[in-house]
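The block underneath contains the structure these notes are about, expressed in structure tokens.
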Amino acid sequence: MAVSQQHIQRALAELSGCIGSAPPLSLSPAGCAELLQAVVVWAAPGSEPENKHKVPERAAAAARACLRLLEAVRISSRDKEEPEDSQITCYGAVSTNGATPESAFGIAEAGLKCAPQEENGTVGKLVEEDLTDNAKDDSKPEGLPTSSEAALDSSRVWPEDPQCILRCATAPILILCGAHSLDRPWTNDLSRTLTAQLLRKLIYASNCDSVTDLLRGPSDRESEFGTFREVLRLLRPRLCKETWQSHPDAPHVFSWVLSLVPRPWLPEFLSQVLPPALLLSDDYKPENKVLGISCLRHIIRNVPSAELRQYNRALVVYQALRNHLYATDADVIEVALPCLLDLFPVLHKRPPAVGEYQKDGEDPSDQVMQLVLTHMEMEHKIALRRSYARYLPSLQERLGMRVVRHMKRLLRVIVGYLEVCDGPEETTRLCILETLQGTIKYAWPRIPHRLPLLLKALLKLMYDVTCEPVQTPEPVTEALLCGATECLLLLDRCCDGQVKAALKGVPSLCAEPRLVKCLAAVQQDS
């Protein structure tokens, strides 16, 4: 076991060299985990502007050292399973299968390919030199430890199972990969490549199929998702109200690992994941708001309603999301409205008993509908109009017959939005036509009094898309005509044929073939 221990010693020495400290005297799993945590913090972006340019290089060095540790653990695990006679052969000039340990695991080849030279050539040169030196040491019999090294090794505490080191190292390595494997302001091509490679090697070394399996942890442990619990413990100091803005990578790592924990395991961590999600959603930056709301939506969809209602958690989340409807950023509205739609069933109250009074404004869906219509009526930005219109049909379906409470303002929004083109895809008009169809179905007793207003708006829309020269694709035009025709058919059915009588003279005024065809479909409907 002396040679395999030497590999782990070299890996720990490289990790210690990243932060400029001496290697740990005790090779316990807890000591390795503590060293890795220090390396991850050293490679993380902070609030110091003078160190921001060093972060990608530090992340690359940390990923390279972690790759070395994974390889050392693999070699140690293999040596423990093999007979003692075959161990010397594996570390000789040629191994039993004709390949060096690095080539068997793929680190040497992948590392050289994934480490392009940077402008100063420092990091790329370090990768190549380190891997070459390690390959040389492993291919020579002189690489075996001397008597002094053996004496030093004997003073260390070597674990019987090298996999213990891997288990303790999984959480810090996941944090490193989550912070640097995607395109972020504090990463570059080299750091992203090495951390993505590190994540793949970690999954392979842990005998897992995905990152979710990594977060779940070993199957022999009593509690599942123990690695996720450890990741949350390590992230907690950096996700406090006073500290999270000084650690820009922590919210992204938190969002990433949270999205990989599904039902029914997430409720166990509700008290740990809900406060950071609310904290992120309450930030003034739109990108942080979007990140926090996405976390809240994942929590809502994967935690039972009873647990969300406990201690008024659901009401707190609702108040936070409702405040986001005052935002002027379309990206925030795009995530806030679907999150609210997922939250409404959680907040659902039983219908009032016969004779029991209930205020109209008590239902959250009514409050949101009123607020959305108020904003839509006065909104002039196309992006925001499109975002509101996209989720208006779902909100109306949630209300059902209660949409009659908002008829006056809703019809003003429908008529006004049908008049304005919002681009080649016509997302707003298509969604408004869908909303109008739902309004006619749910509130048909109120429709005959508004027939002249709606009929005029629909005919104007059909004339605009067929007779006016616009840059609308043909499939979109057909979709608009089909939606408007469906609205005319519904209006005619709930108004006892008044639409057919009103449309009789229209073909003589406009002979456009597509418009005449749509009106003929209404006339022939029985």
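Quick note: the coordinates plus some simple rules give every number you see, no bench work behind them. Computed from a predicted structure; not experimentally measured. All Cβ positions, even for glycine, are placed from backbone atoms using ideal geometry, and neighbour counts span all protein chains on display.
With a cut-off of at most 11 other beta carbons within 10 Å, and DSSP calling the residue loop, which chymotrypsin sites (Phe, Trp or Tyr not before Pro) in segment 235-288 qualify? Please list them. Don't skip to the answer; put the middle values down first.
Values: sites: TRP244, PHE254, TRP256, TRP265, PHE269, TYR284; in loops: TRP265, TYR284.
Of the chymotrypsin sites (Phe, Trp or Tyr not before Pro), the ones in loops of segment 235-288 whose Cβ has at most 11 other Cβ atoms within 10 Å are TYR284.
Backbone phi angles across segment 485-492, fed through the Karplus curve with coefficients 6.51, -1.76 and 1.60 (θ = phi - 60°), yield HN-Hα couplings of 5, 4, 5, 5, 5, 5, 4, 5 Hz in residue order; Gly and Pro are listed as x. When only the Cβ of Lys, Arg, Asp and Glu is charged (+1, +1, -1, -1), the dipole of segment 417-456 relative to its Cα centre reaches about 380 debye.
Shown is the FRET efficiency for ALA13 and GLU307, computed with R0 = 56 Å from the Cβ-Cβ distance and rounded to the nearest 0.05: 0.75. For segment 420-474, applying the loop criterion from DSSP together with a ceiling of 14 other beta carbons within 10 Å to the GluC sites (Glu not before Pro) yields GLU425.
Say each of ASP283 and ARG78 gets a label point 7 Å from the Cα, pointing the same way as Cα to Cβ; how far apart are those two points in nm? Reported label-point gap for ASP283 and ARG78 is 4.3 nm.
Distance between the 7 Å Cα→Cβ label points at GLN370 and GLN245: 3.4 nm. In a DSSP loop and with at most 11 other Cβ atoms within 10 Å, the GluC sites (Glu not before Pro) in segment 166-266 are GLU222, GLU242.
Summary of packing: across the peptides 322-333, 183-194, the per-residue average of other C-beta atoms within 10 Å ranks them, highest first, as 183-194, 322-333. The phi-based Karplus calculation (6.51 cos²θ - 1.76 cosθ + 1.60; θ = phi - 60°) puts the 3J(HN,Hα) values of segment 317-327 at 5, 4, 4, 5, 6, 5, 5, 6, 5, 8, 5 Hz, whole numbers, x for Gly and Pro.
Computed from backbone phi, the HN-Hα couplings of segment 30-45 come to 5, x, 5, 5, 5, 5, 5, 4, 5, 5, 5, 5, 5, 8, 7, x Hz, rounded to whole numbers (Karplus: 6.51 cos²θ - 1.76 cosθ + 1.60, θ = phi - 60°; Gly and Pro given as x). Give me the net charge of SER259's neighbourhood, meaning all other residues with Cβ under 11 Å from the Cβ of SER259; Lys, Arg count +1, Asp, Glu -1. Net of charged neighbours comes to +2.
Please sort 246-252, 29-35 by packing, taking for each peptide the average over its residues of neighbouring beta carbons within 10 angstrom, highest first.
Values: 246-252: 20.1, 29-35: 18.6.
Per-residue Cβ counts within 10 Å, averaged per peptide and sorted highest first, yield 246-252, 29-35.
In this Cβ point-charge picture (+1 for Lys and Arg, -1 for Asp and Glu), segment 216-266 has a dipole of about 120 debye about its Cα centre.
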